[in-house]
Amino acid sequence: MKEPIKESLSRWSIDRLQFLLAHIEDFIDDEDRELRERAREFSVADGLDKIEKLVDGDPSDPNMPRRVLDRLTAFYDSGLLLQRGPSSENPGWWVTDLFWRGTVFHLELRDQVVATKIVPEVPPLQVNRTPATQLLEKLNLKFLSPSPEAGAYLLKPTPSLAYVLVSNLAAPWLADHIAHTHRLVNKCFIY
């Protein structure tokens with residue numbers, strides 16, 4: 001039985017991803033058809049305030065950051081998983097995974113995007129906000145912005161892990177949505 005795309009661990013190149021998203025209506029093979037249908041039917045979910053925990057598991061599990069990202073896909077238009085290089089040879093921040101309209105894409109190693117310039121030193125209790133288009137343009141990932149008005153929110157639950165979540169949610173609901181997300185993400189790694 002074919003594994004769903006959402007749970008696929010296949011790696012994607014930035015070129016392939018940009019092409020796919022730009023031409024999403026034109027694809028006809030099974031994997032891309034499934035992606036096109038999911039993207040067409042996608043709408044941001046609410047209800048984060050009713051969730052006690054995003055994922056279960058040990059915070060030191062190396063798959064925990066991806067599992068958290070996967071769980072957040074329903075609640076945001078797009079997002080990025082940023083990880084700090086593990087060695088002194090590679091100390092910067094890198095976009096290793098991203099999601100768009102409910103589907104996660106794991107980037108091939110050669111296509112991981114340097115993100116050191118966008119990750120400030122912030123404590124886990126702080127959320128940084130910036131216009132999504134401005135932030136994504138710096139990473140050459142502007143195609144992930146749902147609109148010029150969308151905001152990008154940086155959450156950094158550990159010194160070597162950060163999430164950028166892009167939302168076009170209206171202001172009356174946005175503050176609570178971000179606050180609940182922040183609490184749930186920190187709960188996965190800190191508590």
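Assorted remarks:
- Here the contact order of region 93-162, divided by its residue count and restricted to Cα pairs under 8 Å and six or more residues apart, works out to 28 percent.
- With a cut-off of 9 Å between beta carbons, the residues surrounding residue 81 carry a summed charge of 0, where Lys and Arg count +1 and Asp and Glu -1.
- For the pair residue 114 and residue 190, a Förster radius of 25 Å applied to the C-beta separation gives a FRET efficiency near 0.40, rounded to the nearest 0.05.
- Full extension of the chain between residue 43 and residue 67 gives 6.6 nm of extra length, using 0.36 nm per residue less the Cα-Cα distance.
- Using a cut-off of 27 Å between Cα atoms, the listed pairs 117/142; 53/142; 50/156 include 53/142 as exceeding that distance.
- Sites matching GluC sites (Glu not before Pro) across region 35-98 that sit in DSSP coil, with at most 11 neighbouring C-beta atoms within 10 Å: 52, 89
- Rel. contact order, % - alpha carbon contacts under 8 angstrom, at least six apart, region 62-183: 25
- Highest average packing first - 155-163, 137-145, 58-66, 75-83, Cβ atoms within 10 Å: 75-83, 155-163, 137-145, 58-66
- Within-13-Å neighbourhood charge of residue 134 [Cβ basis; K, R +1; D, E -1]: +2
- For residue 76, nonlocal amide neighbours, meaning residues 5 or more places apart or on other chains whose placed amide H falls under 5 Å from its own, are 45.
- Theoretical gain in end-to-end length, residue 13 to residue 160 [0.36 nm per residue, Cα-Cα removed]: 50.6 nm
- Label-to-label distance, residue 56 versus residue 171, with points set 7 angstrom from Cα along the beta-carbon direction: 4.2 nm.
Readers should treat all values here as calculations from the given coordinates under stated rules, not as data from a laboratory. Just so we're clear, the structure is a prediction, and the values are computed from it rather than from any experiment. FYI the Cβ positions are ideal-geometry reconstructions off the backbone, even for glycines, and counts take in every protein chain you see.
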